[in-house]
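The values are calculated or read from the model by the stated rules, or taken from the named source; none is laboratory data. Because the structure is predicted, anything quoted here is derived from the model rather than measured. Cβ sites come from the backbone with ideal geometry, for glycine too, and all protein chains shown count toward neighbours.
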Amino acid sequence: MTDFLPDIPVLSSGEPDTTAGVRFHVETYGCQMNVYDSQAIAGFLLDRGYRRVGDPDVADVILLNTCSVRDHAEQKVLSRIGEIRRVRDVRGLPQPVIGVCGCMAERMGEDLTRGPRGVDLVVGVDRYRDLPDLLAALVDGSETPVSRTATGHRDDSRLVAPPELYPVNNSHLVTIHTGCDYKCTYCIVPATRGPQREKDPELIAREIEHIVRIGGREVTLLGQNVTAYRWGDLDFAGLLASIHGIDGLERIRFLTGHPCDMHPHLMDGIGRLDKVCPWLHLPIQSGSDRVLKRMKRHYTRRQYLDLVAYARRVIPEVTFSSDFIVGFPGETEADFNATVEVVEAVQFDQIFTFKYSERPGVPAAKLADDVPAAVKKQRLAAIMAAQEKIWKRIADGCVGQRWRAVVEKPARRPQGSWMLRTGNNRKVIAASPGLAVGDVATVEITGHQYTTFFGSVAE
Ligand code: SF4
């Protein structure tokens, strides 16, 4: 048993090995929190003697860790289930066992076990600790003593994924809270992930100290809304300051923030703490106050622009990215134009744009989805075109600059080159035979192609 988390089973606990030889494969859909959860799931199963395989074709168990944020994401999983079932039918075997975890499990529950696309196991986001027991009965073919569906929220905010499994882009993910107390009208997360529940700061610190002990230098703190973190008197600014003091840790990133919780003292702290990377992903969703109100986002466009201006004053080299929804119910041409104006005003490094997708049971489902599909499509194209133009201007202006960046992984092209990432989240491809993953280098920017820069190592 690893020594840093006394009551959490993490790899090699010496539990009775009843499932030796059973191979499992986890497929992850959706956000980084699911990536972290998939590692936790793998940790629980490895701890009980299951073997992890990368190839689904040789797996006895396939677990799909799913996302419900958009209909498209759910359709992808349903079609994947159909595909696995077809292979199973052709083989004439009861395996692989198919399990659905994550937000779809929580949203659809037992329905997922019924009909031609029925799966064998459904495990919601707060039930991963039960997964090995639920699975054991299914894989050995014995009568299952427990329900095949485990959903519903309970306090599992102490869930820890073994950091030994892998870093993501050179960064170890650390979930610091789960759930969300905001009730944005379009969002299914409060239903699927439940209310916000924080991980104990002591546990977070031990998790990160362990990451440093095994050679990690960078962490990405995760949560639906990390900026709302609160443990007694400790808020997110305080948490960042305490993590900043961990010896050997070099960089701290975090995802995702809510504009309402981006208080000046938090931005001051980010600007002061040199290990905290100056990149803010702050979803605005719309630039129209009328739409923001209908979305229940609790800020205005002016407030958002003011906080961006404040951050630029106090956080050196800060960059911004954001999420946008186009075609929200009732969005007029004027509302949409206000959104494009915000894109132009902020000059984001990157924006993630989505057509409004109605989710069953959320408050916005009561509003008429009245923006025609063709208009949504055209608005999506227009906002992306506006961003492309803006970004080209920003990126052109970066040529000739020198940036410090961390080597993340080998680049796919050109051969022998590396992908590096700056603190403010810009990607640079540079060739240098002397580099290795984790090295910090100074790169001189020579060009760019959309969001990727090219450079040469200057030192
Ligand atoms: S802040 Fe809003 S959009 Fe984000 S997870 Fe919470 S409810 Fe959903």
Study note, to complete from the structure: In the range 209-230, residues that are surrounded by fewer than 17 Cβ atoms within 10 Å (Cβ to Cβ) and within 16 Å of the ligand (Cβ to nearest atom) total 1
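This table checks each residue for (1) over 21 Å from the mean Cα position of the chain (by Cα); (2) more than 16 Å from the ligand (Cβ to nearest atom); (3) in contact (Cβ under 8 Å) with a residue 24 or more places away in the chain; (4) buried (at least 17 other Cβ atoms within 10 Å of the Cβ).
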{"position": "A191", "(1), (2), (3), (4)": "no, no, yes, yes"}
{"position": "R197", "(1), (2), (3), (4)": "no, no, yes, yes"}
{"position": "G232", "(1), (2), (3), (4)": "yes, yes, no, no"}
{"position": "A241", "(1), (2), (3), (4)": "yes, yes, yes, no"}
Revision key, fill the gap. Given the conditions (1) under 30 Å from P329 (Cα atoms); (2) surrounded by 13 or more Cβ atoms within 10 Å (Cβ to Cβ); (3) not hydrophobic (A, V, I, L, M, F, W, C), every one holds for K389 apart from (2)
Revision key, fill the gap. Conditions (1) within 25 Å of L173 (Cα to Cα); (2) crowded, with 22+ Cβ neighbours inside 10 Å -> M262 fails only (2)
Exercise for review: Test R206 against the stated conditions and say whether it is of a type in the set (D, E, K, R) and within 16 Å of the ligand (Cβ to nearest atom).
Suggested key: no
Point to revise | Residues that are modelled with pLDDT under 95 and of a type in the set (S, T, N, Q), drawn from the range 425-441 | key: S432
Practice item. Mind counting the residues in the range 49-104 that are without any contact (Cβ under 8 Å) to a residue 24 or more places away in the chain, closer than 28 Å to G179 by Cβ and among the β-branched types (V, I, T)? Key: 0
Study note, to complete from the structure: Within the range 90-104, residues hydrophobic (A, V, I, L, M, F, W, C) and touching a helix residue (DSSP H, G or I) at 6+ places or on another chain (Cβ under 7 Å) come out as V97, I98, V100, C101, C103, M104
Review point. Residues T300, T319, T332: which one is in contact (Cβ under 8 Å) with a residue 60 or more places away in the chain and either polar (S, T, N, Q) or within 16 Å of the ligand (Cβ to nearest atom) (or both)?
Key: T319
**Study point:** Where G400 falls short, out of the listed (1) surrounded by fewer than 13 Cβ atoms within 10 Å (Cβ to Cβ); (2) of a type outside the set (D, E); (3) touching a strand residue (DSSP E or B) at 6+ places or on another chain (Cβ under 6 Å)
**Key:** (3)
Review point. Does the range 243-279 hold any residues that are within 15 Å of the ligand (Cβ to nearest atom) and either farther than 17 Å from I208 by Cβ or in contact with a Pro (Cβ under 7 Å, 6 or more places away or on another chain) (or both), and which are they?
Key: T256, G257, H258, P259, C260, D261, M262
Revision key, fill the gap. Of the residues in the range 406-459, those that are of a type in the set (S, T, Y) and either under 23 Å from the mean Cα position of the chain (by Cα) or within 20 Å of I252 (Cα to Cα) (or both) number 5
